[in-house]
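A.B. asks: Starting off with a structure, shown below.
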Amino acid sequence: MTKTAIFGGTTEGRLISAMLSDSGYESVLFVATDLGKDIAREKDSRLKIHTGRLDEKNMEAVLSDGKFNLVIDATHPYALEVTENIKKVCNRLDLMLLRLIREDDFFDDVTYVEKTEDILNLKFEGNVLFTTGSKETEKLKKLEKDNHFFIRILPTPYSIKAARQQGFLDENIITGQGPFSLSDNIKLIKDKNIKYLITKDSGKTGGLDEKIQAARECGIEAIIIKRPRENGLTLAQLSELIERRAL
């Protein structure tokens, strides 16, 4: 019987865990925070969940005890350090690794930038909303954030502390658990008089479509930070493997 370690508090990570349970596979979902655990447990009470951030050393300790013979990396597409650590550990332990990737979207009416740091080259005239998460905005330390800059992040002490350290004002830090609906995004844009919405290319499961549609309906500019290019399997492809019991 294949025993699977799934890394990722993403929507896909939870879906894959549920699919594996339905098909009789043994699996453990690894998430970084208590919030991620609570959301996963709320969606499916059957899931076995390991909570806590793991560096490369701790990750190797967890995976080296022989409990697992397959690892699925379903972490966020921008969590590059975690993905790299998973690769290194699986290579050293000779564990089979599958990387889950999100399907590409393209919008012809938005501004694309190659990387987060490219935001520094843009000029803003009006209020700016970052929906990129606190980790990405660490790369924008040279951007002097004033009352025109808002950020929407997870309601965790870690994220709030990070946003404060990066210069966001308390009154401009908006917390919530996504993905957010079209109406949620429109309300926030109007309430804060947002003129620019900055997001990562998080795909459909990350609520990207709802963000872009909200920007269109409100007549503001949307800016997308391109996703790192990766090889792997989509959710549909991985689902097929699970259904065929081909893992």
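The values are calculated or read from the model by the stated rules, or taken from the named source; none is laboratory data. Every value quoted in this text rests on a predicted model; they were computed, and no experiment measured them. Every residue, glycine among them, receives a Cβ derived from its backbone with ideal geometry; neighbour counts consider all protein chains shown. Each accessible area value is taken on the protein alone, full model and side chains, heavy atoms only, with ligands, DNA and RNA left out. Shrake-Rupley method; radii C 1.70, N 1.55, O 1.52, S 1.80 Å.
A.B. asks: Report yes if PHE107 is in a loop (DSSP other than H, G, I, E, B) and open to solvent by 30 Å² or more (accessible area, probe 1.4 Å), otherwise no. Reasoning before the result, please.
C.D. replies: Values: in a loop (DSSP other than H, G, I, E, B): yes; open to solvent by 30 Å² or more (accessible area, probe 1.4 Å): no.
It is false that PHE107 is in a loop (DSSP other than H, G, I, E, B) and open to solvent by 30 Å² or more (accessible area, probe 1.4 Å).
A.B. asks: Can you name every residue in the stretch 70-85 that is out of contact with any Leu (no Cβ under 7 Å at 6 or more places or on another chain) and either aliphatic (A, V, I, L, M) or in contact (Cβ under 8 Å) with a residue 12 or more places away in the chain (or both)?
C.D. replies: We begin by selecting, within the stretch 70-85, every residue out of contact with any Leu (no Cβ under 7 Å at 6 or more places or on another chain); these are 75-85.
Scanning the stretch 70-85 gives THR75, HIS76, PRO77, TYR78, ALA79, LEU80, VAL82, THR83, ASN85.
A.B. asks: While we're here: Residues being assigned to a helix (DSSP H, G or I) and open to solvent by 60 Å² or more (accessible area, probe 1.4 Å): count how many of those fall in the stretch 201-247. Before you say what the answer is, go through the steps one by one.
C.D. replies: Here is the first cut: in the stretch 201-247, the residues assigned to a helix (DSSP H, G or I) are 204-206, 208-218, 235-243.
Those still in the list that are open to solvent by 60 Å² or more (accessible area, probe 1.4 Å) too: 204, 210, 213, 216-217, 236-237, 240, 243.
Final tally of qualifying residues: 9.
A.B. asks: Further question: For the stretch 187-200, check the following and say yes or no: at least one residue is at pLDDT below 95, open to solvent by 20 Å² or more (accessible area, probe 1.4 Å) and either closer than 16 Å to GLY133 by Cα or outside any helix (DSSP H, G or I) (or both).
C.D. replies: yes
A.B. asks: Something else: Please find, within the stretch 140-159, the residue that is farthest from THR33 (Cα to Cα) out of those that are without any contact (Cβ under 8 Å) to a residue 24 or more places away in the chain and either touching a strand residue (DSSP E or B) at 6+ places or on another chain (Cβ under 7 Å) or not in a loop (DSSP other than H, G, I, E, B) (or both).
C.D. replies: First, the residues of the stretch 140-159 that are without any contact (Cβ under 8 Å) to a residue 24 or more places away in the chain: 142, 144, 146, 149, 151, 153, 157.
Remaining after also requiring either touching a strand residue (DSSP E or B) at 6+ places or on another chain (Cβ under 7 Å) or not in a loop (DSSP other than H, G, I, E, B) (or both): 149, 151, 153, 157.
Numbers: PHE149: 26, ILE151: 20, ILE153: 14, PRO157: 11 Å.
Among those that are without any contact (Cβ under 8 Å) to a residue 24 or more places away in the chain and either touching a strand residue (DSSP E or B) at 6+ places or on another chain (Cβ under 7 Å) or not in a loop (DSSP other than H, G, I, E, B) (or both), it is PHE149.
A.B. asks: Also: For the stretch 27-55, which residues satisfy the criterion of being outside any strand (DSSP E or B) and open to solvent by 50 Å² or more (accessible area, probe 1.4 Å)? Break it down into steps so the answer makes sense when it comes.
C.D. replies: Let us first name the residues in the stretch 27-55 that are outside any strand (DSSP E or B), namely 32-48, 52-55.
Of everything in the stretch 27-55, those that are outside any strand (DSSP E or B) and open to solvent by 50 Å² or more (accessible area, probe 1.4 Å) turn out to be ASP34, LYS37, ASP38, ARG41, GLU42, LYS43, SER45, ARG46, LYS48, ARG53, ASP55.
A.B. asks: If a residue has to be more than 29 Å from ALA215 (Cβ to Cβ) and in a helix (DSSP H, G or I) to count, how many in the stretch 83-104 make the cut? Can you show your working first?
C.D. replies: Filtering the stretch 83-104 for residues more than 29 Å from ALA215 (Cβ to Cβ) gives 84-99.
Retained after the next criterion (residues that are in a helix (DSSP H, G or I)): 84-93.
Of the residues in that region, 10 qualify.
A.B. asks: Would you pick out the residues in the stretch 147-179 that are farther than 21 Å from THR205 by Cβ and either among the polar types (S, T, N, Q) or open to solvent by 70 Å² or more (accessible area, probe 1.4 Å) (or both)?
C.D. replies: Passing the criteria: ASN147, HIS148, PRO157, TYR158, LYS161, ARG164, GLN165, GLN166, ASP170, GLU171, ASN172.
A.B. asks: For PHE124, are the conditions met, namely being open to solvent by less than 40 Å² (accessible area, probe 1.4 Å) and either assigned to a strand (DSSP E or B) or at pLDDT 90 or above (or both)?
C.D. replies: Values: open to solvent by less than 40 Å² (accessible area, probe 1.4 Å): no; either assigned to a strand (DSSP E or B) or at pLDDT 90 or above (or both): yes.
Taking the combined requirement at face value, the residue does not satisfy it.
A.B. asks: Okay, moving on. If I go through the stretch 1-57 residue by residue, how many of them are aliphatic (A, V, I, L, M) and free of Cβ contacts under 8 Å to residues at least 40 places away in the same chain? Spell out how you get there, then give the answer.
C.D. replies: Pass one, the stretch 1-57, residues aliphatic (A, V, I, L, M): 1, 5-6, 15-16, 18-20, 28-29, 31-32, 35, 39-40, 47, 49, 54.
Subset that is free of Cβ contacts under 8 Å to residues at least 40 places away in the same chain: 1, 18, 29, 31-32, 40, 47, 49, 54.
The total comes to 9.
A.B. asks: Another question, then. Test LEU182 against the criterion of being under 21 Å from the mean Cα position of the chain (by Cα), open to solvent by 20 Å² or more (accessible area, probe 1.4 Å) and modelled with pLDDT of 95 or more, and give yes or no.
C.D. replies: On the way: under 21 Å from the mean Cα position of the chain (by Cα): yes; open to solvent by 20 Å² or more (accessible area, probe 1.4 Å): yes; modelled with pLDDT of 95 or more: yes.
So LEU182 fits the description; yes.
A.B. asks: Considering only residues that are of a type in the set (A, V, I, L, M) and free of Cβ contacts under 8 Å to residues at least 60 places away in the same chain, look in the stretch 86-107 and name the one that is nearest to THR205 (Cα to Cα).
C.D. replies: Filtering first and then ranking leaves LEU97.
A.B. asks: Same structure again: From the residues in the stretch 129-142 that are open to solvent by 20 Å² or more (accessible area, probe 1.4 Å) and under 13 Å from ALA163 (Cα atoms), which one is nearest to the chain's Cα centre (by Cα)? Quick ask: steps written out before the conclusion?
C.D. replies: Taking the stretch 129-142 first, the residues open to solvent by 20 Å² or more (accessible area, probe 1.4 Å) are 133, 135, 138-139, 141-142.
Narrowing the set further to residues that are under 13 Å from ALA163 (Cα atoms) leaves 133, 135, 138-139, 141.
Numbers: GLY133: 8, LYS135: 11, GLU138: 16, LYS139: 17, LYS141: 21 Å.
That would be GLY133.
A.B. asks: I would also like to ask the following. Using the structure shown, decide if GLY24 is at positive phi, small (Gly, Ala, Ser), outside any helix (DSSP H, G or I) and open to solvent by 50 Å² or more (accessible area, probe 1.4 Å). Quick ask: steps written out before the conclusion?
C.D. replies: Working: at positive phi: yes; small (Gly, Ala, Ser): yes; outside any helix (DSSP H, G or I): yes; open to solvent by 50 Å² or more (accessible area, probe 1.4 Å): no.
Considered against the rule, which asks whether it is at positive phi, small (Gly, Ala, Ser), outside any helix (DSSP H, G or I) and open to solvent by 50 Å² or more (accessible area, probe 1.4 Å), GLY24 comes out as no.
A.B. asks: Do we find a residue being of a type in the set (Lys, Arg), under 24 Å from GLU230 (Cα atoms) and either open to solvent by 40 Å² or more (accessible area, probe 1.4 Å) or out of contact with any helix residue (DSSP H, G or I) (no Cβ under 6 Å at 6 or more places or on another chain) (or both) anywhere in the stretch 79-87? Even if it seems obvious, please write down each step before you answer.
C.D. replies: Residues of the stretch 79-87 of a type in the set (Lys, Arg): 87.
If we keep only those that are under 24 Å from GLU230 (Cα atoms) too, we end up with 87.
Narrowing further to those that are either open to solvent by 40 Å² or more (accessible area, probe 1.4 Å) or out of contact with any helix residue (DSSP H, G or I) (no Cβ under 6 Å at 6 or more places or on another chain) (or both): 87.
The answer is yes; a qualifying residue exists.
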